[in-house]
Ligand code: PMP
């Protein structure tokens, strides 16, 4: 049965708390999302009745919990339309992307080859490529923004050559809210034989992701941004590509046989999951995906688009406010970056904080993008399906208050 989104907000205990004596208006969902009670309850149940190490014990509880852990892998695979053997549990998007850069890139890159990324990348999908490019003698190239705040797709196409081995880009920008046409880009990249690595940190949880339809080679996301626990992330990789990657870490439970001098590793995904994994977090991620599924994409996307249009149009109407990113009428997720003329975003965020409104101010781990936008920082309000019109009203009132305060 589909759960009604209008009452879903009540499932999130943190949203009923206060901040600075005001009801909290949580608009920092791009940083992390709040957790619904079923996820919190699932973590408690795990620690109360299921806590054992997985993949090791022969006793009944160890086997039962191992089965639940592996069921979540199946669930994630179904969620992304992949196979469970293509789902690696990691610490988060950052770890997933670093592993592709450290382990996969050296299997396909020769000196003078090129890695193509975009100017809108989060540092997590930028710095690992800088480092690996330096190490392998490859060239790191950037796709810029066009005048409308989208990726310059003409430049992207023109940059793809037989030297391009990897195209790494974000599905949704954590600063601009731009939704990139991954399927189209994958088709172009594959024509020149390049592999496509997608940073899905801001996409999963906000729109349906089908890795087979996108035909990307790798896809990364974090549990904590999809209403699940921190400390758990996912790396999807096509089976043949995971097979050609060496493990990144070595230790318990990822081996078939160890002798004094040699080790035979298990196949993927086990070869990447060395040591005791974040078991509770995996189980909690399963509960988060169940929760999302109970709401359904149609309700989630309709509500987030409603909030984007409402907040975006009202912010735009405030004299002195500059919105960054593509027009609200184009593919745009519910992330709004803006500045108020003459007010540093940190000062703006501080006034909003005094009113109980939580937004992010800063460079959003995207310093090259800030340079391209010719700003040092922006304020960012990012929405989730549990936000409502009152949250938008509080944001707008607080921004107007900040404007009056600083103008006075
Ligand atoms: N990529 C993007 C686009 C992000 O927004 C973030 C989180 N801000 C990350 C990567 C990194 O995610 P995590 O910190 O969960 O590893």
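Across every pair of different alpha-carbon atoms, what Kirkwood hydrodynamic radius in Å does the stretch 276-332 reach?
Details: mean 1/r = 0.0701 Å⁻¹.
Final number for the Kirkwood radius of the stretch 276-332 is 14.3 Å.
Please rank 112, 152, fewest neighbouring Cβ atoms within 10 Å first, as an exposure proxy. Please list the in-between numbers first.
Working: 112 10, 152 18.
Starting with the residue having the fewest Cβ neighbours, the order is 112, 152.
Tell me the relative contact order for the stretch 306-403 as a rounded percent, counting alpha carbon contacts under 8 Å between residues six or more apart.
Numbers: 122 pairs, mean separation 31.4, N = 98.
With pairs under 8 Å counted, the relative contact order is 32 percent.
Could you give me the radius of gyration and the Dmax of the stretch 56-199, taking only the C-alpha atoms into account and expressing both in angstrom?
Rg and Dmax of the stretch 56-199, Cα atoms, are 17.8, 62 Å.
Share of antiparallel DSSP beta bridges in the stretch 141-262, in percent to the nearest 5? Working shown, then result.
On the way: 7 of 15 bridges.
If we restrict to bridges inside the stretch 141-262, about 45 percent are antiparallel.
Could you list, bin by bin from short to long, the percent of Cα-Cα pairs of the stretch 319-408 in 5 Å steps?
Spelled out bin by bin, the stretch 319-408 gives 3, 13, 24, 26, 20, 11, 3, 0 percent.
Order of 56, 191 from fewest to most other C-beta atoms within 10 Å?
Working: 56 13, 191 10.
Lowest count first: 191, 56.
Report relative contact order for the chain in percent, whole number only (criteria: Cα-Cα under 8 Å, sequence separation at least 6). Walk me through the numbers on the way to the answer.
On the way: 793 pairs, mean separation 93.4, N = 408.
For the chain, the relative contact order is 23 percent.
Between residue 367 and residue 322, what is the spin-label point distance in nm, taking each point 7 Å from the Cα along the Cα→C-beta axis?
Using points 7 Å along Cα→Cβ, the separation is 2.1 nm.
I'd like the FRET efficiency for residue 405 and residue 53, computed as 1/(1 + (r/R0)^6) with the beta carbon distance as r and R0 of 41 Å, rounded to 0.05. Numbers along the way, then the final one.
Working: r = 55 Å, r/R0 = 1.33.
Efficiency for this residue pair is about 0.15.
What ranking of 219, 386 emerges when the number of other C-beta atoms within 10 Å of each C-beta is taken as an exposure proxy, fewest first? Walk me through the numbers before you get to the answer.
Working: 219 29, 386 25.
Starting with the residue having the fewest Cβ neighbours, the order is 386, 219.
Restricting to Cα pairs below 8 Å that are 6+ residues apart, what does the relative contact order work out to for the stretch 185-236? Please round to a whole percent. Could the numbers behind the result be given before it?
Numbers: 67 pairs, mean separation 16.5, N = 52.
Here the relative contact order equals 32 percent.
Size of the stretch 245-343 along its principal axes in angstrom, Cα-based, largest extent first?
71, 37, 23
When a/c reaches 1.5 or more, the comparison of a/b and b/c decides; with that in mind, is the chain rounded, prolate or oblate per its Cα gyration tensor? Spell out each step's value before the answer.
On the way: a/c = 2.09, a/b = 1.25, b/c = 1.67.
Since a/c reaches 1.5 but b/c is at least a/b, the shape of the chain is classed as oblate.
Please work out whether the stretch 1-134 counts as rounded, prolate or oblate from its C-alpha gyration tensor, where a ≥ b ≥ c are the square roots of the eigenvalues and a/c under 1.5 means rounded, while otherwise a/b larger than b/c means prolate and anything else oblate?
Here the stretch 1-134 falls in the oblate category.
Computed over the Cα atoms, what is the radius of gyration of the stretch 168-315 divided by 2.2 N^0.38 Å, N being its residue count?
On the way: Rg = 18.4 Å, N = 148, 2.2 N^0.38 = 14.7 Å.
That works out to 1.25 for the stretch 168-315.
Apply the a/c threshold of 1.5 to the C-alpha gyration tensor of the stretch 88-168 and tell me whether it is rounded, prolate or oblate. Present the calculation step by step, with values, prior to reporting the outcome.
Working: a/c = 2.27, a/b = 1.26, b/c = 1.81.
Oblate is the answer for the stretch 88-168, as a/c is 1.5 or above yet b/c matches or exceeds a/b.
Have a look at the DSSP beta bridges in the chain and tell me what percent are antiparallel, nearest 5.
On the way: 29 of 48 bridges.
For the chain, the DSSP antiparallel bridge percentage is about 60.
Using only the Cα atoms of the stretch 235-281, what do you get for the radius of gyration and for Dmax, in Å?
Radius of gyration, then largest Cα-Cα span, for the stretch 235-281: 11.4, 34 Å.
Computed from the coordinates by the stated procedures, all read-outs in this text should not be read as laboratory data. Given the structure is predicted, the values throughout are model-derived calculations rather than measurements. Backbone-built Cβ (ideal geometry, glycine too); neighbour counts: all protein chains shown.
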